[in-house]
């Protein structure tokens, strides 16, 4: 009984985190939106379709849902955005070498993750 409302609430939480992640370099966007897509597919066809039809996120989510892959241009754009935002963050914490090293490591891990995904 509570599963459907719980999945909808969690789906919206994931959408919110994904949108925030589009702005903040430490919070990933894509995994949250993919999780929201999964949660909505189990609870709300209307919200599921809304994500798939979104102008910004829809094409990548449709491709992910169809064949669990990303197009090379999407990988390139994501990589540029990751490097740009992490570089700004690394510059802003110039006083803390440990935090800079953590950001470089996280940036590298995200880039490796993205480039290891199957391409369509």
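Any chance the range 15-28 includes a residue that's touching a strand residue (DSSP E or B) at 6+ places or on another chain (Cβ under 7 Å) and over 19 Å from residue 110 (Cα atoms)? Working first, answer last.
Quick first cut of the range 15-28, residues touching a strand residue (DSSP E or B) at 6+ places or on another chain (Cβ under 7 Å) only: none.
No.
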* Structure fact -> Only one of (1) free of Cβ contacts under 8 Å to residues at least 24 places away in the same chain; (2) over 20 Å from residue 120 (Cβ atoms) does not apply to residue 42, and that is (1)
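Among 11, 18, which is the only one that is at pLDDT below 90, in a helix (DSSP H, G or I) and surrounded by 15 or more Cβ atoms within 10 Å (Cβ to Cβ)? Quick ask: steps written out before the conclusion?
Values: 11 fails: at pLDDT below 90.
Unique residue meeting the criteria: 18.
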* Report yes if some residue within the range 54-71 is in a helix (DSSP H, G or I), touching a helix residue (DSSP H, G or I) at 6+ places or on another chain (Cβ under 9 Å) and modelled with pLDDT of 95 or more; otherwise report no. => no
* Single match in 1, 50 (criterion: free of Cβ contacts under 8 Å to residues at least 40 places away in the same chain, in a helix (DSSP H, G or I), out of contact with any helix residue (DSSP H, G or I) (no Cβ under 7 Å at 6 or more places or on another chain) and not assigned by TED's automatic domain parsing to the domain that holds residue 118) -> 50
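Every residue in the range 76-102 that is under 17 Å from the mean Cα position of the chain (by Cα) and without any contact (Cβ under 8 Å) to a residue 60 or more places away in the chain, please.
Quick first cut of the range 76-102, residues under 17 Å from the mean Cα position of the chain (by Cα) only: 76-86.
Across the range 76-102, the qualifying residues are 76, 77, 78, 79, 80, 81, 82, 83, 84.
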* Out of (1) surrounded by 12 or more Cβ atoms within 10 Å (Cβ to Cβ); (2) more than 13 Å from the chain's Cα centre (by Cα), what's the single condition that is false for residue 60? -> (2)
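The values are calculated or read from the model by the stated rules, or taken from the named source; none is laboratory data. In this text, all values refer to a predicted model and were calculated from it rather than measured experimentally. In this analysis, Cβ positions are derived from the backbone assuming ideal geometry, glycine residues included, and neighbour counts consider all displayed protein chains.
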